[in-house]
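Each reported figure results from applying straightforward, stated rules to the coordinates on display, with no laboratory input. Keep in mind that what you see is a predicted model, and the values were worked out from it rather than measured. Using ideal geometry, Cβ is built from the backbone for each residue, glycine included, and neighbour counts are taken over all protein chains shown.
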Amino acid sequence: NMTERMKLEGSMVALVTPFTGGEVDFEAMGRLIEFQIAGGTQGIVPCGTTGESPTLTHAENNKVIAFTVEKVAGRVCVIAGTGSNSTAEAVCLTKHAADAGADACLIVNPYYNKPPQRGMFDHVRKIADVGLPIVLYNIPGRTGIELAAETVARMYEEIELVVAIKEATGKLDLASAIAGICDITILSGDDSLTLPICSVGGSGVISVLANVLPGEVRKLCDAIAEFDLAEACTQHLKLFGLVEGIFVETNPIPIKAAMGMVGMCSEEIRLPLVPLAKEYRKPLAKLLQDFGLDAKA
């Protein structure tokens, strides 16, 4: 089909949701959004895994997305996390995001109930009825299932609003397989794999690391966009140690700790997630200090 699809590329941030006293801290969130845009981030993704969507209420999810859209005010794109393992719930959240003015939605594969490929297809087709462009999201480590390359291609061919896929499978071959059979935009869902995925046809990243170092992630994406392999490789390796550091425990535990250490927002996190274990704090602070950040363990 010849319809021009929304083009997503470059450095996008999987934004954390800051909390203070158990509530979403919208003042802090506003600051984080301004920091991202000033740092060169090309898209904001609220209410993803990193934004603790599993422990946000529906009302909070809707409010965070609406706030983000209002604050961004069209300067960059907003891709709202509205996925669920209940199709009706995903439709409801996506409708709210569309009404709020989000540019697209991020739709994770249904987790825990593990539908077959045709179930995932029907799930996405139903959400597409809302009318918002869709970024698919493959993350089998959290869902127990993954979209096969053939299913992704079929979705891209048959559902016009499917515009991209966030690949967080850790499998470079799956990204290659998808790129080999359809023109869907592929975005890395792992900071450590942005360069490798882009080298087999990817277009950018939805980054956790960008929460603290938006400029550095943008630099990597710019080098990739300019086909400057030497610079991209240098930047990739420069960031790699810190990337490992922000995944020493389940995301977003370490990134929230990092943001607390550099004074960007409270480290507060909702149960069942817990603050970063003591033994990881000093090494993480050291990694941040190596990037010139004033991090206090």
How big is region 185-297 by the Kirkwood estimate over distinct Cα pairs, in Å?
14.5
Among residues other than THR82 whose Cβ falls under 12 Å from its Cβ, what is the net charge (Lys/Arg +1, Asp/Glu -1)?
-1
Under 10 Å, Cα contacts only: if you run a Gaussian network model on the chain, which one of GLY189, GLY204, GLY22 comes out with the highest mean-square fluctuation?
GLY22
Sorted by chain and then number, the residues having a modelled amide H within less than 5 Å of the amide H of VAL162, at least 5 places away or on another chain, are ILE134
If you place +1 on the Cβ of every Lys and Arg, -1 on the Cβ of every Asp and Glu, and leave all else neutral, what size is the dipole of the chain about its Cα centre, to the nearest 20 Debye?
480
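Roughly what % antiparallel, to the nearest 5, for the DSSP beta bridges in the chain? Spell out each step's value before the answer.
Values: 2 of 29 bridges.
Percent antiparallel among DSSP bridges in the chain is about 5.
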TYR137 long-range amide H proximity, modeled H, under 5 Å:
ILE107, ASN109, LYS166
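Going by the alpha-carbon gyration tensor, a ≥ b ≥ c the square roots of its eigenvalues, is region 14-99 rounded (a/c under 1.5) or, if a/c is not under 1.5, prolate (a/b greater than b/c) versus oblate? Walk me through the numbers before you get to the answer.
Details: a/c = 1.94, a/b = 1.34, b/c = 1.45.
Verdict is oblate for region 14-99.
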Using a ≥ b ≥ c from the Cα gyration tensor of region 58-216 (square roots of the eigenvalues), is it rounded, prolate or oblate, where a/c under 1.5 gives rounded and otherwise the larger of a/b and b/c decides, a/b for prolate?
oblate
Burial order of peptide ranges 4-14, 109-119 (average beta-carbon count within 10 Å, highest first):
4-14, 109-119
Within region 83-127: Cβ-based charge dipole about Cα centre, in debye rounded to nearest 20 (Lys, Arg +1; Asp, Glu -1):
220
Quote the FRET efficiency, to the nearest 0.05, computed for ALA230 versus LYS7 with a Förster distance R0 of 35 Å and r equal to the Cβ-Cβ distance.
0.85
